[in-house]
1. Looking at the structure I just gave you, is D239 open to solvent by less than 30 Å² (accessible area, probe 1.4 Å), over 21 Å from the mean Cα position of the chain (by Cα) and modelled with pLDDT under 85?
2. Across the stretch 340-363, what is the number of residues that are more than 14 Å from the chain's Cα centre (by Cα) and either under 18 Å from P290 (Cα atoms) or assigned to a strand (DSSP E or B) (or both)?
3. Output the residues belonging to the stretch 93-113 that are closer than 25 Å to N180 by Cα and outside any strand (DSSP E or B).
4. Among the residues of the stretch 272-309 satisfying the criterion of being surrounded by fewer than 17 Cβ atoms within 10 Å (Cβ to Cβ) and not in a loop (DSSP other than H, G, I, E, B), which is modelled with the highest pLDDT?
5. Pick from D337, D380: which is modelled with pLDDT under 90 and either open to solvent by less than 10 Å² (accessible area, probe 1.4 Å) or assigned to a loop (DSSP other than H, G, I, E, B) (or both)?
6. Of the residues in the stretch 151-177, how many are touching a Pro at 6+ places or on another chain (Cβ under 9 Å) and either free of Cβ contacts under 8 Å to residues at least 12 places away in the same chain or in a strand (DSSP E or B) (or both)?
7. Please specify each residue of the stretch 49-59 satisfying the condition of being in contact with a strand residue (DSSP E or B) (Cβ under 7 Å, 6 or more places away or on another chain) and either modelled with pLDDT under 95 or open to solvent by 30 Å² or more (accessible area, probe 1.4 Å) (or both).
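The values are calculated or read from the model by the stated rules, or taken from the named source; none is laboratory data. Predicted model only: the values in this text are computed from it and were never measured. Here the Cβ positions follow ideal geometry from the backbone for every residue, glycine too, while neighbour counts run over all protein chains shown. For accessibility, only protein heavy atoms count, side chains too; no ligands or nucleic acids. Shrake-Rupley method; radii C 1.70, N 1.55, O 1.52, S 1.80 Å.
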Amino acid sequence: MNVKSLNIAYMAAALAFAGCTGSNGAADGKLLSMNVEESFDIDSLDNLSDRMRVVNVCRPEFTDSSMLNRFIVGGVVDNRIYIKNQGYDHGNSWVCTFSYPDGKLTDAFNPFGAGPEECARGYEGVFTEGDGGMWSILDQDFSFGMIKQYTADGKYLRSVRNDSIQNLAAAAGGGWLAFNEPLSFDGGPHVTREKDLYLYSHDWQPDGTIRMKSRRWGIFVTQLMDIITTLRGENYVNDLDTIYRVNCQDHSLEPHIAMNLGKYAYDWGSLETMEELKAVDNDHLNPLHPIFNSRYALVRYTFGEYNNGGVLRFDAYSLEDGKLVYRHEQPQGRDADWLAGFPVTVDGETYYGYPADYMNSDNFYFIISADEMARVKGTDDVNPMIVEVEIK
């Protein structure tokens with residue numbers, strides 16, 4: 001598969017789910033919404049910057065910025081921030097702990113390797129609190145699947161064999177969530193599969209499933225389309241036009257936010273070939289999983305042809321009225337979402353940062369990449385930083 005096709009798969013990734021419905025997820029009984037269709041023709045807008053207040057600035061201290069060139073924030077707990085690098089180079093899979101917000105390095109380890117207590121292809125990491133913290137890393141290849149678990153300072157704890165899952169999240173209230181592995185070696189690159197969200201107990205015993213609607217899934221597309229977001233201790237998944245809260249008690253999905261795409265929506269699950277996917281790709285939106293609090297939803301999405309007029313957008317919507325309050329867009333590219341995003345001003349200088357897929361309160365954590373720091377500072381001798389922001 002060429003680079004363009006891989007990106008088309010990536011763009012289609014988050015348009016994955018449709019399935020169980022339950023009670024309304026909004027606290028006041030009204031389904032929250034983002035009115036994407038009515039604001040589609042707006043090129044840029046900024047009614048957000050003056051509402052942002054920087055709460056904390058964390059500048060992780062280490063000697064080699066490549067340790068954290070593309071990373072996730074696993075958690076901020078008890079004045080510690082837990083970070084895992086997500087770079088394309090599996091050998092650069094550093095997992096670090098820093099004091100928060102002063103950024104002093106307290107622990108670091110790299111689980112990459114071929115040994116029984118190491119990760120051969122470990123990419124996705126999930127941090128959970130309790131007993132000093134624990135990292136669970138999904139180490140997955142075509143021939144095996146393993147969850148390797150480590151303490152926050154890198155001590156190996158155990159491995160859990162499971163060949164049938166992809167993506168991983170700590171379930172609200174304890175236990176684990178994961179989507180079933182869609183790969184099939186029968187029937188060619190497009191096969192019809194049932195989509196299941198698996199529930200596990202804390203010790204990895206099966207604890208039920210949530211059945212999604214039957215769809216036709218492309219093998220390469222589904223490697224990226226199963227997204228479980230954990231915000232403020234709750235789990236969410238999103239389909240074509242709705243964000244659902246996962247109710248682990250009664251095994252259902254509760255509608256939480258409607259993404260009103262209107263004429264720009266498309267039932268991607270009906271596509272059977274890559275040619276069909278390419279044909280509709282330029283005219284329909286591909287919203288990636290939003291990050292939201294009680295008042296705002298931040299979302300990035302793409303439209304148009306990759307590297308040939310395609311656009312990457314960063315939007316913010318008010319959840320009080322569904323209106324767009326911020327938009328910044330730029331040409332698509334492999335590194336585009338690491339160089340742009342939402343404006344954050346620190347010490348009189350404005351950077352663009354993308355929101356971490358983690359929230360333990362209503363504050364957002366914006367990651368300012370080393371590349372963005374270098375753009376503003378005019379030197380490569382910089383480290384990334386994490387900025388905790390309150391949006392009024």
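1. Numbers: open to solvent by less than 30 Å² (accessible area, probe 1.4 Å): yes; over 21 Å from the mean Cα position of the chain (by Cα): no; modelled with pLDDT under 85: yes.
Criteria not met by D239.
2. To start, the set of residues in the stretch 340-363 that are more than 14 Å from the chain's Cα centre (by Cα) comprises 340-353, 360-363.
In the following step, the residues that additionally are either under 18 Å from P290 (Cα atoms) or assigned to a strand (DSSP E or B) (or both) were identified as 340-346, 349-353, 360-363.
Matching residues across the stretch 340-363 total 16.
3. Looking only at the stretch 93-113, we keep the residues that are closer than 25 Å to N180 by Cα, and these are 93, 111-112.
Correct list: S93, P111.
4. E275
5. Testing whether each residue is modelled with pLDDT under 90 and either open to solvent by less than 10 Å² (accessible area, probe 1.4 Å) or assigned to a loop (DSSP other than H, G, I, E, B) (or both) leaves just D380.
6. Matching residues across the stretch 151-177 total 3.
7. S49, R51, M52, R53, V54, V55, N56, V57, R59, listed by residue number.
Let's see how each residue does on (1) at pLDDT below 90; (2) polar (S, T, N, Q); (3) not in a loop (DSSP other than H, G, I, E, B):
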site: F179; (1), (2), (3): yes, no, yes
site: G188; (1), (2), (3): yes, no, no
site: K213; (1), (2), (3): yes, no, no
site: R216; (1), (2), (3): yes, no, yes
site: V221; (1), (2), (3): yes, no, yes
site: I227; (1), (2), (3): yes, no, no
site: Q249; (1), (2), (3): yes, yes, no
site: P255; (1), (2), (3): no, no, yes
site: A258; (1), (2), (3): no, no, yes
